Amino acid sequence: MAVASDDVVRSLQERVRTAVATRRSLVIRAGGTKDFYGNSAHAEHDVLDPRVYCGVIDYEPTELVITACSGTSLTEVEATLAQHQQMLAFEPPHFGLAMSAGPPQAHRVPPWGAGAQRPGATGDAATLGGAIACGLAGPRRVASGSIRDFVLGATLMDGHANVLTFGGNVMKNVAGYDVSRALAGSLGTLGMILDVSLKVVPRPATEQTLRFELSEANAIRRTNEWAGQPLPISATAWLDGALSVRLSGANAGVRAAQIKLGGDRVADGETFWMTLREQTHAFFNRAGEAATLWRLSVPPTTTPLNLGSTLIEWRGAQRWVWSTSPAAEIRAKVQSAGGHATAFRQHDRNDAFHPLAPALAQIHERLKKEFDPAGIFNPGRMYSQL
């Protein structure tokens, strides 16, 4: 796919200037696969679609770096890397991808993804810019790191319609505040990401999934014990008394780890981890229920919180919980454990994110005023004051 021209950038700049002049908000929206995430959009707004600015700008496999426009399909980016046996280490979720194999119960497509295309199909609506803006990572996050750990540089169109470049396309090139990494998880509140440079990694030679029958508490304890050992563990997940562990790496290393850990081998582990990444697993399918799906971030060794039906990833650091309890009750208990709670999927799209401490709130507000003084980009998507 060809890279968008400078004419496209000038057209986008004109849209921003018009929005500022007319005091009308702009909601940055591509395929809409993450529309459910965060607070509701402003009542009066226009849509700014980044897909008009798309394409891979530069990719040098030997340097393990790719630079692409924000409107580029996430599937296209992943397919480009796969040609050279490379990948995005943080496994960003697409959402809305229909699974094509496996038991119907384990791979039902939730209401928010109904009718979506299979991975690799042209109908995949997720974009690279959306993945960066949402800052969400998949099961491999426990071993590889978060999205911001792989952002080397970015180009941003701010609320003045200025095109700003931060970072670059090599490591150790940032002095001062690293704005390019601050864009990860910003939900478009600072401006429109035009392009981004990412560090990529080689695909593992082999992967194997093991399963253990363990209680929640024992699964948390065991995975944290393994974390201190030289084991090629790239993902963990506990649900309904079963702990799944993915091993990734060289053939010899994976075989040795499998012998040491034991457990039962899972025949189709790849599909299982895909259903967790894309939230097509039956655990996430609670259509019609009034419960909220909470995403809890806590210290990995935190003991069971007993807040509701639970799925645990990242050695215990990320916990998905379905609950009808009041938000204040959920957040108070999670905060007492040293973490924070996000209302990931809820009927009332308000106050999705854990309230910020005063010092952090000031940093958010100052960044918003610096990059978007008129407040036109995705107002209130993260916090009402932004």
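Details
- Of the Cα atoms belonging to the chain, the radius of gyration and Dmax stand at 20.8, 66 Å.
- For the pair the stretch 238-313 and the stretch 327-374, the centres of their Cα atoms are 26 angstrom apart.
- Reciprocal mean inverse distance between Cα atoms of the stretch 236-281 - Kirkwood radius, Å: 11.8
- Take 318-326, 26-34 and order them by the average number of nearby Cβ atoms within 10 Å per residue, most first; the result is 26-34, 318-326.
- Principal-axis tilt of helix 251-261 within the chain, Cα atoms, nearest 10 degrees: 60
- Carbon and sulfur %, accessible surface of the stretch 136-231 computed with the full protein complex present, 1.4 Å: 47
- Gain on full extension, evaluated as 0.36 nm per residue between residue 252 and residue 324 minus their Cα-Cα distance, stands at 21.3 nm.
- The residues 157, 274, 382, sorted by heavy-atom accessible surface at 1.4 Å with ligands and nucleic acids left out, run 274, 382, 157 from largest to smallest.
- Theoretical gain in end-to-end length, residue 225 to residue 374 [0.36 nm per residue, Cα-Cα removed]: 48.7 nm
- Among 320, 125, 338 - extreme Cα towards positive end, dipole of the chain, charges at beta-carbon: 338
- Mean Cβ neighbour count within 10 Å, used as a protection proxy, ranking 73-85, 355-367, 190-202 highest first: 190-202, 73-85, 355-367
- Between helix 216-227 and the chain: long-axis angle, C-alpha atoms, 0 to 90°, nearest 10: 80
- Taking the C-alpha atoms only, the angle from helix 358-371 to the longest principal axis of the chain is near 40 degrees.
- In the frame of its principal axes, the stretch 280-369 has Cα extents of 42, 31, 24 Å, reported largest first.
- Neighbour cut-off at most 12 other Cβ (10 Å), DSSP loop, chymotrypsin sites (Phe, Trp or Tyr not before Pro), the stretch 167-256: 177
- Solvent-accessible area of the stretch 276-333 (1.4 angstrom probe, protein heavy atoms only): carbon and sulfur portion equals 52 percent.
- Two-site FRET efficiency, residue 205 against residue 146, from Cβ-Cβ distance with R₀ of 22 Å, rounded to 0.05: 0.35
- The chain: calculated mean residue ellipticity at 222 nm from DSSP helix runs of at least 4, using -39500 (n - 2.57): -7500 deg cm²/dmol
- Here the extension length gained between residue 45 and residue 18 equals 8.5 nm, from 0.36 nm per residue of separation less the Cα-Cα distance.
- Cα gyration tensor shape for the stretch 175-305, rounded if a/c is under 1.5, else prolate or oblate: oblate
- Å² per residue, accessible surface of the stretch 284-386 at 1.4 Å: 47
The values are calculated or read from the model by the stated rules, or taken from the named source; none is laboratory data. From a predicted model like this one, the values you see are computed outputs, not experimental measurements. As a convention, Cβ positions derive from the backbone with ideal geometry for all residues, glycine included, and neighbour counts pool all protein chains shown. The protein model used for the area step is the full one, side chains on, heavy atoms only, and it has no ligands, DNA or RNA in it. Shrake-Rupley method; radii C 1.70, N 1.55, O 1.52, S 1.80 Å.
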